[in-house]
Structures are given as structure tokens and as C-alpha cells.
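Down below is the structure, laid out as C-alpha cells.
The values are calculated or read from the model by the stated rules, or taken from the named source; none is laboratory data. On a predicted model such as this, the values are computed, not experimentally measured, just so you know. With ideal geometry, Cβ positions are generated from the backbone for all residues, glycine too; neighbour counts draw on all protein chains shown. Side chains are part of the model used for accessible areas, which takes the heavy atoms of the whole protein and leaves out ligands, DNA and RNA. Shrake-Rupley method; radii C 1.70, N 1.55, O 1.52, S 1.80 Å.
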Amino acid sequence: MKILANDGLDQSGIDALTEKGFEVITTKVPQEFLADFINGHQIRTLLVRSATLVRKELIDSCPSLDIIGRGGVGMDNIDVDYARSKNIHVINTPAASSASVAELVFAHLFSGARFLQDSNRKMPLVGDTQFNELKKSYEKGIELRGKTIGIIGMGRIGQEVGRIALGLGMRVIAADSNIGRASIKVKFYNNQFINVDIETEPLEDVLKHADFITLHVPAQIDGCMIGAKELAKMKDGAVIVNCSRGGVIDEHDLINALDSGKLSFAALDVFNNEPHPSKAILNHPKISLTPHTGASTVEAQDRIGLSLAEQICSILQTH
Ligand SMILES: O=C(O)[C@H](O)COP(=O)(O)O
């Protein structure tokens, strides 16, 4: 049976599926030729990450599809309900990348707190005198310890962020309209663990009280969650990180908040109009950037590959 992994698949998944007799094709087929390719090669399982769109039209054009698999969490690039209404199995790997995304949040936070992203741009250009000038300009670096992090969305990734923040000695507050409280289990290397209860608060309060805001919510269908009104509620000099989905923050309002000094720094892993973010965002000196790499680690992709293979075998009863 043939599987098309159109946005690639980790070797762990390829090996596990090949061992069970599947043929895994990792050719990247452009969106406009996808239906023809799937039908021409009798593909029954289509695997994607966030780049390939699996909309109603594609689903209708490919009646032989049995499974659509998302190697990752967000399924906003797939018409999930429609596919399921056609009896197609739609699967994803919700737990496999939480640690990687959460660690990227802290990579951005540490970078912003100590001007790493600015320093990496300027250091190659400095001579003897500028070295000391640059050093002086970074004297206002800050520690994360003791600061308050506001986590918007306490799903798996939000909780993982909370776990790391607690380990760093940060105060954790959270907003999540779906749950009243999250219990975070913090596990230490000697296998001891503690449970920490985090009560959720209204979004407005979290925005008001946090030094750092980090967003872990799905793609928004009714417009931006964080726009000028919400940014205005944040503490002066606060920081915002978005490793969730482009469109959750209004990018225009974010630039205004950075330019006016309301926010000291922002970090974005996701953008409006991916893979072509706006030049204003890409060139802004106060924004730390990554190209949607939250789940792009060796470990996360290995777990994603294995999880997809396991689910496919279980659906198709291949033992
Ligand atoms: O939803 C996800 O899992 C992340 O956004 C990662 O997306 P990617 O698989 O395209 O890197």
C-alpha cells in the first residue's frame, strides 16, 4: 500500500511503515498536481505537515484516500470535519512536539532578555571601539528568574512551557477559556516530582500582570486574539512570543506596540501569509524570528514519525 508523505517524514516513520510492507513516497508534489499524483499512484494515505493544504476540493478529487495524517498538532490546513464526513480517518500527533515548541519559546525569551538576536546581527560588524559601545548598549539585559510569565492556552504545549518556567523560578499565570485550572507535574532527574496547580485567570488579567506573554492557542477563525486593544493592556515594556499560529496576533498592531516602546521585544515563529512574511516583520530590530521551526527537532520529528506509523498500522490493522 502506498503512502505519500508530501511534507516529508522522519526516517523513524519511514522505517516503521516500510517494515510493515508500506511504500512511503516522500516526493514533494506541488499543490496543483497533488490530486493527479494521488490518483495516478493509488495513494491511500496522505501525510502532511503544515505546508500542504488538504481542502474539500482535494478530498473530493481523491476518492481512494483512507487516511489523512498530520505530522504535528495544528490541523488548520486540513478540512478535518469534511474528510471525516467522507469516512476518511484524520490523525495527528498532538503530544509529540510539545517539549520542542516549549523549548523554542525559551530560546526566544533568553535571546530577547539578553539581546542575542541583535548582538548576532551586529557583532560581525564591530571594530575595537564599537565592541565596548555594543557591550554598554546591552547593559539592560534582564533575568527570567523571578519574572511572571503569562501562558495563553494551557494545552500540552502551554503546560510544558509552565513546567520549564517553574524550573527557572518564574511565576506562572495562565488564561484558558476551556479549563479552570491546570495541574502541572514537574519531574526531576531523580524521578521525584511535584504537582503544581495553576489557576487560570481571565485573559485581561494575565495580559495586565505578565512580564512575558506566550501564546499557545489554535488558529483563530474569528480574527486576531491579540490586537491593539489587548496589547494596550499589557505591562509597559512587556514581551510577547507567538509560537502557535500566524494570525493570532495582529502584526500591524504588534509593530506599532514595539515602535512606541509599549513592548520591549517580540518573538515570532509563525506569521500571516506563510511562507512569505511581511518585510516589516522580517526587518524589525525588536523581533526575534524563526521560520515555523517549533516542532523541527530531531526528537520531535522522530516521535512524530513513530506515532504516525503506529496509528496508520492500527487503523489498517497491520500487525
Ligand atoms: O502544528 C504544529 O505541529 C506545528 O505548527 C509544526 O508545524 P510543521 O510540522 O509544519 O513544522
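Details
- Members of segment 79-99 found to be of a type outside the set (S, T, N, Q) and either open to solvent by less than 30 Å² (accessible area, probe 1.4 Å) or more than 15 Å from the ligand (Cβ to nearest atom) (or both), listed by number: 79, 80, 81, 82, 83, 84, 86, 88, 89, 90, 91, 96
- Listing of strands (runs of 3 or more DSSP E) fully contained in segment 1-110 that carry 3 or more residues being among the hydrophobic types (A, V, I, L, M, F, W, C) and modelled with pLDDT of 95 or more: 2-5, 43-48
- When we screen 1, 75 for residues that are within 14 Å of the ligand (Cβ to nearest atom) and out of contact with any helix residue (DSSP H, G or I) (no Cβ under 7 Å at 6 or more places or on another chain), the only hit is 75.
- Of the numbered criteria (1) over 19 Å from residue 316 (Cβ atoms); (2) in contact with a helix residue (DSSP H, G or I) (Cβ under 8 Å, 6 or more places away or on another chain); (3) in contact (Cβ under 8 Å) with a residue 40 or more places away in the chain, the one residue 49 fails is (2).
- Residues of segment 100-133 that are buried (at least 20 other Cβ atoms within 10 Å of the Cβ) and within 16 Å of the ligand (Cβ to nearest atom): 100, 101, 102, 104, 105, 108.
- When segment 269-298 is filtered for residues that are assigned to a loop (DSSP other than H, G, I, E, B), in contact with a Phe, Trp or Tyr (Cβ under 9 Å, 6 or more places away or on another chain), more than 16 Å from the ligand (Cβ to nearest atom) and open to solvent by less than 60 Å² (accessible area, probe 1.4 Å), only 278 remains.
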